Structure formats: structure tokens, C-alpha cells
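Novice: The structure is given below, and queries will be raised subsequently.
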Amino acid sequence: MSSRVITPQPRNATRERIIANLKIKKGAARGEKIATILPKFIERKGKKQRKTPTTKFIATKFMATEFITRATKLSCKFLPAAKGTATPSVIAKSSVATTIATYLKSCYEKGDNNGTALPILIDAEQRKTLTELDILKKIEPYCKLNEAQKITDFAATPFPPFSIQHANYAIAETGSLVFLQNTRAQAALSFLPSKHIVLLNEKDLLASLEQAFARSSTSKTYWAILTVSGPSRTADIEQELHMGAHGPKELLVILYR
Amino acid sequence: MPLLSLSFFSSSQGFRQKSVAALANPTLRAALDKAGTGFLNARKKAFDEIENSSSIKARAQQARTRAIDNMAELLLLFERNAQAKGIHVHWAETAEQACAIIIDLCRGKKRIIKGKSMVSEEINLNEALLKNGAEVTETDLGEYIIQLANETPSHIIAPAVHKTRAQIDALFRYHHENIEEAKVADNNPKAQRTSVLLVEEARQKIRDKFLQAEVGITGANMLIATRGAGLLLTNEGNGDLSAIMPQRHIMLAGIEKIIADDGDAAAVLRVLGRSASGQSLGNYMSLYGAQPLQDNGKDLHKDLHKDLHFVLLDNGRSKMHSSAWREMLRCIRCGACLNHCPVYTSVGGHAYGWVYSGPMGKVLTPLLAETSKQTSAQELPHASSFCGRCVEVCPVGIPLTSLMRKLRERDFEKPLQPRGLKTRLACAVMRLLFAHPRLYRFVIACFLRVLKLLARGRGHISYLPTITAWTDTRDLPINRSARSAIASIRTSYPR
Ligand code: SF4
């Protein structure tokens, strides 16, 4: 209630004028009348959505394959890197930690941070999840962990090299990863680092955009929903496609079950 | 003087003069040729690879139609839901009002970053903010380039499509201090840099701005009424960084961006990315103020959304709603009609004189600019061959050509300039001919005989005195015998 008091409508007259213009004039009305559908909008929450054609029917069994195909097309890389032309596959939960560790070790040995420990950003709220997967211990020898707390913390490191995040769920239809974010600092983890490493549980794969929207409605409080499909890209200079416009240059996904 | 008209139709030239100049500009032609078929192929591939593209487009159109038919109620629902979460909703009737609201929100804050927003170009926001002493940085690479060049966007999706790499390189060299020489291609400071280097340089320069920004202004691709949230679709991630990094986030959107619910939003998203650039979604799709409304208003973390502001702009849209051009409000600004337009791809976006170009601009500009009584906008709907490609590709089925025709009709009925003698005479003759079929047949038959005579032996005419504008660039084929042409007139206009 209090919010209504805090945010009064200073330009009420303007709103009334705009709305009055928009009221359906006689003869102009076409399609469904809101009088009948408005109650439906509100009650539909949590109920079954109206049937909508999706781009493709995806059986649960093929969800992971479809996601991998889509995401690969969007220039996502999967870990562990598949050999040759083999398609990446879902790995066991127990080997997640080793996979990340192997990857970071190779970066470390390549001298990505001039031979010193790689600074890695993680989400403070996800520390527990990452510990459960035994990741933090395994990567310790090569890395220096930092937690993203406040947005102002980034001022010191404008170009953080790595971040590790666990996706809330993913959409097979579009090959997208979905994050429900509580704070701005959490959200920045998906955008500021050059390499964004994302963990995804196979059971969190959803078939369509509608399912993703519906799933987000059942979740806890959050500030924003971020849907990430591939590394940041631009084609603004002569239509040449380049990765890493403002966001990550590489998006690495680990799909486990 | 309304702010709108300052940059709007700043030059006295109309579409005709500007397009002639554009056609004679070799650099522009090179840039447009480069852009060429890329967009078209990407879009085609994206729609070909899905199984049921026609029903997907039909569903998107239905979603947009529902939104427009119920706009008033949905906007109020949107406002109520947003306010329940502590989000601020501001209404602006005109461009000046919208600028005033945003200037007010930026009071005492200097560093402002912007994600790409065509509405902000529409209201000329940058100029208004700069006048108030703020420092504004565009963060979309295309917008950044044209900001440095002090130009306006020439395409709603790719604002700098008219610039070549050489021009961009020169711009960056001029505006960026201490470019690291090592980063210059082949260590040769004079060599033109590759686009990778240019993208990297812009990334470095703009990152600083992100970190210091106090206010972020972005557009919104949709406003979801049942959620009271704004949806933003970007490829570079600049829109999201503009939203996340500063304390205050302002989302500026036209009122027609409203959409009923999640399902409708998903339906539109399916066609939006595909039509725009052939992507299945677009790299980053974010919902701000997304938190669902819990029952009875419990569990609401109002603090989360305290500094999110929606500015809803009317600027002529509500008037369109009850006019014959209401269908135009369905537009989702995908840019497909621009990419497929033979006029746009030849003359580029600047010839249209305003932010909205191509076929959609030919309808929108005269309608939105109506209040400013500018005649050069009224010229736009006449600059079309009505080939109809835009209608074919529009994902939400907007009949652009018939909307343009209606604009032409309106112009004829209420001309902003007095009709010339030539026009009046031509109309009188046409009326006479159309009302008398016999006379019509006779005149046309004579006309065809004359043409046949002129084309003798060649099968085409390459010069005709009164219509040189046409014959200068094309030949008129006359290969049927006049007799058969006359016969076909007989059958199509029976006595
Ligand atoms: S008119 Fe249609 S094709 Fe053109 S931008 Fe709007 S939605 Fe896209």
C-alpha cells in the first residue's frame, strides 16, 4: 500500500488524456474486447497458457541434444571440449569440478594472467551450490576467488577475466541460458567478464519460451530475468560479425546431470 | 519552437533532393552495397529452418492486434502492476514533455549512458540532455559511431549501416586519445585497422563510461502488462550494462509497445529476432522489474525496483489509434521492411529525414510529425513504387502499401500546399476518361499506336519526352503488337 503513497501520479491529466484517446471508438473496435479478457489475464497466472505454435516440437528425450545444437550455432562452447567433429555431451555431476579445473589449469598454464593465479568472480549467493559441486576446492590451485558484492567493486577491475555462474534454467528452443537475478552485482557477472563459465543441470532444460516465462513466475523474488544466448556480438561495422562487443567474448557451458 | 522540429526536418530539402544526393554519393553506395543481401539471407534462413513459420507469424500478429485493440486497459494494468512493485511510471504526451521528465530524473547527475533507443532519437533526447549540461554516451556500437560523427541513425536496427570501415577508423582516430600503436594493424599507424581492433577499442572506451555512469537510459522492446515489466532485446549486451551499472534506470518506450501477457510476448519474440537479423531470439533478452506479483502483495521486495522508471511516450500515437492508420501501431520495429525495400537499399536512411526510414517510416513519419506541420514528411508516402515486398516480409502483417495509399488520398483531399494546375488538369482528364469507357478505349488505342510507332523495330522505347524521369533509368518495352494490346483492352473493359 505504502508504495502508492510514495509514487503518486504527478501527471495524471496527461495519462487521462492519452487513455481517453485510446478508448475504442465506435466502429473502430475489432477483435476481442478487453471487458471479457481482462479477468482472464489475471486468473491465468499459474494456470495453463493458451496453446501457441512453437518453432519445433521437442521431446524431453532430445532436449539436451537440441539445446547443444542451438547453443553451438550461437557460438557457445561446451566443456569438456569435444574432440574433432564429435558433438559435446552431457557429463556426470561428479566430473563437473574436474572439467572446470582442467580448463582453468590450461588457461593458467597458457599464462592467461601472466603466470599468476587467475582472478575468478563468483556470485556470493551461489557459493553453496558451487561448494556442493566441489568446484571451489578443485580450482583453488590456479585461481583467486572473488565474490561480487556491490556494483562499485567493479570499478577497480573494469575487465575481470573470468566468472563462474550456475544458470537457473535454459531454453532448448532458442539455446538460451536464463538467470534470475536479485542484485545488480549478480547481473553484472554475466556481462563484465571476458569469459563467462556457466553450469547447467540437465533437468533445468525447458522446451519453449512460454515454459521459461511460466517457470519464472513460480520463482522467488528477483529483480531481473536475464536470458543469454551466446557471447556478446556486434555486426555494426560493415556487417562483419564479431564476438565480445561489450559483454563476454566467450561463453563456456557445462551441461551435467 | 518545438524541440522536435530542430533536427527533425532541419534541412529544407525534401526526400527527392536528398535521395538524388544519396544516389550520387559513392561512399554511401559502397556501404549500402556491403550491407546488401546479408540481412535478407539471414532472415530467410531463420524462417526456412522452422517448421511452421506461417502460424508463428499469424500468432505474433494476433498478439499485437490484441495489444492494440485493448491498449487503454492494458496500459492501465501495466501501470498498476508496475507501481505495486515500487516502479515509477511517467506519462508523456509530447516529445518535449518526455524530455522534461527525463531531465528531471537526471537532475544532479551528470554522467548518463544510453542503450539504443529509437524513441529517444524521436524525441531528440540527447540534444535536450546535453543542453542541460549532462554528458551522454551512446553505448550501442552503431549509435556510438554516429554519435561521434554527429549524425542521426540511418537504420532502426543497424544505425551506422551507412558508414564504411575506413570512415569509422578515421572517426576513432580523431576522437580517441592515445590509441596504443601496438594495436594498430601491422604496427603501421597509417594502415586501416581491422574491424576486430575497432570493436575492441570501442569496448575499452565505453567500459569506463559504464563504470562511472549515474543514470542509464534504455528503450524497451515490449511492456508486459500482466507483469508490469519492460523487456529489452540486445545483441551487444550494452542495453543490459546500461540498465545494471548505474543506480537509476530509465526505460523509455512508446505506448504502442504494450503487450498483454507472457504468452503474447513469447509469440512476438519468435518473429522479432528472426525478422531483424535472422537470430532465433537475440543475444540478450532481459526483463526489468520482472518480479512476479505475489498474492495479496505479500513478499514484495519493493526496494529492488525503487529506482526503475518507465517513461511512456504518446507523441501522436494515441491519435493514430483511432485513425485509419491504426494498424501501423502493430509495428515491432524489426526493420525487415527496410532491408527488403528497393528504395531504402538505394538511397539509405538519411534521405527520409527522420529516425524512422524505409516503408515503415513512410507511414510513421507523416503521422507522428503531423503536429509539426512539416510538409517534407508528407512527401514520403509518394516515394514508393508499391512493389509490396515490405508487406510480404512484415512479420505482423502490416499492409504498408495500403496505408501509404491512404496517406496519398488524404494528401490529395487536404493538400498542405495548393494543388498545381498540372495536377488539377491531369485529374480532370483522368476523371473524364474513367467515366467514359468508349472514350477511354479510343484514347488508349491511339496512345498505344503512337508508342508502337516510336518503338519501331527496337521493341522498346528509351526516351519519351514527358516522362524522362522514368525513361532516364529504364526502357519501356513495347513488344506486343498494338492490335493485340487493343484487343486486350477490349476484353478487360467490355462495353
Ligand atoms: S512495419 Fe513490419 S516489417 Fe517494418 S519494422 Fe514494423 S514490424 Fe518490421
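Novice: Apply the a/c threshold of 1.5 to the C-alpha gyration tensor of chain B and tell me whether it is rounded, prolate or oblate. Provide the component values of the computation, followed by the final result.
Specialist: On the way: a/c = 2.06, a/b = 1.55, b/c = 1.32.
It is prolate, given that a/c is not under 1.5 and a/b is the larger ratio.
Novice: Roughly what angle does helix B:26-35 make with the longest principal axis of chain B, taking Cα atoms, 0 to 90 degrees, to the nearest 10?
Specialist: 70 degrees
Novice: While we're on this one: Among B:L148, B:A383, B:A95, flag the residue with its Cα farthest along the positive direction of the charge dipole of the protein assembly as shown, charges on Cβ as +1 for Lys/Arg and -1 for Asp/Glu.
Specialist: B:A383
Novice: Mind giving me the FRET efficiency for B:L40 and B:D475? R0 is 22 Å, r the Cβ-Cβ distance, nearest 0.05 is fine. Don't skip to the end; give the middle numbers.
Specialist: Details: r = 27 Å, r/R0 = 1.22.
For B:L40 and B:D475, the calculated efficiency is 0.25.
Novice: Could you sort B:E409, B:E93 by their accessible area in this structure, using a 1.4 Å probe and putting the largest first?
Specialist: Numbers: B:E409 95, B:E93 45 Å².
In descending accessible area the options line up as B:E409, B:E93.
Novice: Ok, one more. Please give the solvent-accessible surface of B:C334 in Å², to the nearest 10, using a probe radius of 1.4 Å with every protein chain present.
Specialist: Estimated to the nearest 10 Å², B:C334 gives 10 Å².
Novice: Still on this model: Using the Cα centre of segment B:6-318 as the reference point, and only Cβ charges (+1 on K/R, -1 on D/E), how large is the resulting charge dipole? Debye, rounded to the nearest 20. Can you show the working numbers first?
Specialist: Numbers: 39 positive and 38 negative charges, 97 e Å.
Taking the Cα centre of segment B:6-318 as origin, the dipole is about 460 debye.
Novice: Once you have a ≥ b ≥ c as the square roots of the Cα gyration tensor eigenvalues for segment A:125-190, tell me rounded if a/c is under 1.5, and otherwise prolate or oblate according to whether a/b is larger than b/c. All intermediate terms of the calculation are to be shown ahead of the outcome.
Specialist: Values: a/c = 1.83, a/b = 1.16, b/c = 1.58.
Because a/c hits 1.5 or more and a/b fails to exceed b/c, segment A:125-190 counts as oblate.
Novice: Which of B:K362/B:K422; B:K163/B:K209; B:K163/B:K362; A:K73/B:K45; A:K77/B:K116; A:K105/A:K150 have a Cα-Cα distance over 20 Å? Please list the in-between numbers first.
Specialist: Details: B:K362/B:K422 25 Å; B:K163/B:K209 24 Å; B:K163/B:K362 23 Å; A:K73/B:K45 13 Å; A:K77/B:K116 28 Å; A:K105/A:K150 28 Å.
Among B:K362/B:K422; B:K163/B:K209; B:K163/B:K362; A:K73/B:K45; A:K77/B:K116; A:K105/A:K150, the Cα-Cα distance tops 20 Å for B:K362/B:K422; B:K163/B:K209; B:K163/B:K362; A:K77/B:K116; A:K105/A:K150.
Novice: Would you work out which of B:C106, B:Q212, B:N235 lies farthest towards the positive end of the dipole of chain B? Charges go on Cβ: Lys and Arg +1, Asp and Glu -1.
Specialist: B:N235
Novice: Next question, about the same structure. What are the extents of the Cα atoms of segment B:390-474 along their three principal axes, in Å, largest first?
Specialist: 48, 32, 27
Novice: Ok, one more. From largest accessible area down, sort A:H242, B:H175; use a 1.4 Å probe on the protein chains.
Specialist: Values: A:H242 25, B:H175 75 Å².
Output order, biggest surface exposure first: B:H175, A:H242.
Novice: Accessible surface of B:M222 in the full protein assembly, 1.4 angstrom probe, to the nearest 10 Å²?
Specialist: B:M222 has an accessible surface of roughly 10 Å² with all protein chains in place.
Novice: Aspartates and glutamates near A:K128 by alpha-carbon distance under 13 Å, same-chain residues fewer than 8 away left out - which ones?
Specialist: Result set, ordered by chain and number: A:E147.
Novice: Cα to Cα, under 18 Å, and not fewer than 8 places away if on the same chain: which aspartates and glutamates meet these conditions relative to B:K110?
Specialist: In chain and number order, the partners are B:E127, B:E135, B:E138, B:D208, B:E214, B:D307.
Novice: Under unit Cβ charges (Lys, Arg +1; Asp, Glu -1), what dipole magnitude, rounded to 20 debye, does segment B:191-280 have relative to its Cα centre? Working shown, then result.
Specialist: Numbers: 10 positive and 10 negative charges, 41 e Å.
Dipole size: approximately 200 debye.
Novice: Next up: When the Cα atoms of the protein assembly as shown are enclosed in a convex hull and the volume is divided per residue, what value in Å³ results? Please list the in-between numbers first.
Specialist: Values: hull volume 150.7 nm³, N = 752.
Value for the protein assembly as shown: 200 Å³ per residue.
Novice: Further question: Using the Cα centre of the protein assembly as shown as the reference point, and only Cβ charges (+1 on K/R, -1 on D/E), how large is the resulting charge dipole? Debye, rounded to the nearest 20. All intermediate terms of the calculation are to be shown ahead of the outcome.
Specialist: Values: 105 positive and 68 negative charges, 697 e Å.
Roughly 3340 debye for the protein assembly as shown.
Novice: How would A:Y256, A:Y108 line up by accessible area, probe 1.4 Å, largest first? Present the calculation step by step, with values, prior to reporting the outcome.
Specialist: Details: A:Y256 10, A:Y108 70 Å².
So, going from the largest accessible area down, we get A:Y108, A:Y256.
Novice: Treating the angle as unsigned and between 0 and 90°, give the value, to the nearest 10°, between the Cα long axis of helix B:195-212 and the longest Cα principal axis of chain B.
Specialist: On a 0 to 90 degree scale, this one is about 50.
Novice: Also, quick follow-up: Which whole-number percentage describes the relative contact order of chain B, with Cα contacts under 8 Å and a sequence gap of 6 or more?
Specialist: Reported relative contact order: 20 percent.
Novice: Hey, if you put +1 on the Cβ of every Lys and Arg and -1 on every Asp and Glu Cβ in chain B, which of B:A435, B:P395, B:I157 ends up farthest toward the positive end of that dipole?
Specialist: B:A435
Novice: When a/c is below 1.5 the answer is rounded, else prolate if a/b is larger than b/c, else oblate, so apply that to segment A:73-256 with a ≥ b ≥ c taken from the square roots of the Cα gyration tensor eigenvalues. Display every interim value, and only then the final one.
Specialist: Working: a/c = 1.17, a/b = 1.16, b/c = 1.00.
Because its axes are fairly even, with a/c under 1.5, segment A:73-256 counts as rounded.
The values are calculated or read from the model by the stated rules, or taken from the named source; none is laboratory data. Treat the numbers as computed from the prediction; the structure is a model and nothing was measured. Every residue, glycine among them, receives a Cβ derived from its backbone with ideal geometry; neighbour counts consider all protein chains shown. We work out accessible area using only protein heavy atoms, side chains counted, and drop any ligands, DNA or RNA first. Shrake-Rupley method; radii C 1.70, N 1.55, O 1.52, S 1.80 Å.
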